[in-house]
Structure formats: C-alpha cells, structure tokens
1. Quick check on my filter: what residues within segment 17-28 are assigned to a helix (DSSP H, G or I) and surrounded by fewer than 11 Cβ atoms within 10 Å (Cβ to Cβ)?
2. Residues of segment 29-62 being in a loop (DSSP other than H, G, I, E, B) and either in contact (Cβ under 8 Å) with a residue 60 or more places away in the chain or touching a helix residue (DSSP H, G or I) at 6+ places or on another chain (Cβ under 9 Å) (or both), which ones?
3. Which of (1) in a strand (DSSP E or B); (2) out of contact with any strand residue (DSSP E or B) (no Cβ under 6 Å at 6 or more places or on another chain) does residue 82 not meet, given it meets every other one?
4. Could you list, in sequence order, all residues of segment 63-72 that are buried (at least 18 other Cβ atoms within 10 Å of the Cβ) and either farther than 27 Å from residue 20 by Cβ or touching a helix residue (DSSP H, G or I) at 6+ places or on another chain (Cβ under 6 Å) (or both)?
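Each reported figure results from applying straightforward, stated rules to the coordinates on display, with no laboratory input. These numbers were taken from a predicted model, which means no experiment stands behind them. Positions of Cβ are generated from backbone atoms using ideal geometry, with glycine treated the same way; all protein chains shown enter the neighbour counts.
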C-alpha cells in the first residue's frame, strides 16, 4: 500500500491502514520519504532527534483507525509513504 501527495499547512498526513495490517499484535513494515522537487527523496526518520523534526510512524494500533502518519512535514514538500504487511 502506498500514498503520495504534498504536505499541507498542518504538516501531517495519515495513510489509513486496514485492520489486517496490525492484526495479532503485528506491525507493518513502513518507509516514509520527503522531497522538495520529486527528484531527490530523503528517508524520514521514525525516531525524531528533537520534537520539531519530521518523523513517521504507525498510529492508531488497537483502534478502528490504524495508519502511517507523517508528522512535522514542511508545507509544500512532497511525501511518499509505503506500508507492507
């Protein structure tokens, strides 16, 4: 499953996941990338060094709305998110 787009003014984007992606206490493999020009892509860390860093993680585990969420993205940047389970 994948999602692409541009970061909006909120700096966040969540790609919804089906319940199967987090069933039986499992987590999907995820990758998140950002780009200013869609020619060079930078991998987004899943553990931020500071609270203002762009990061990405699995959210909503154990709820009806699991997803992969990009946080603190820069408005106007492009994102590319992939999840495999």
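1. Answer for segment 17-28, where residues must be assigned to a helix (DSSP H, G or I) and surrounded by fewer than 11 Cβ atoms within 10 Å (Cβ to Cβ): 19, 23, 24, 25.
2. Across segment 29-62, the qualifying residues are 60, 61, 62.
3. Of the numbered conditions (1) in a strand (DSSP E or B); (2) out of contact with any strand residue (DSSP E or B) (no Cβ under 6 Å at 6 or more places or on another chain), the odd one out for residue 82 is (2).
4. Hit for segment 63-72 is 66, nothing else.
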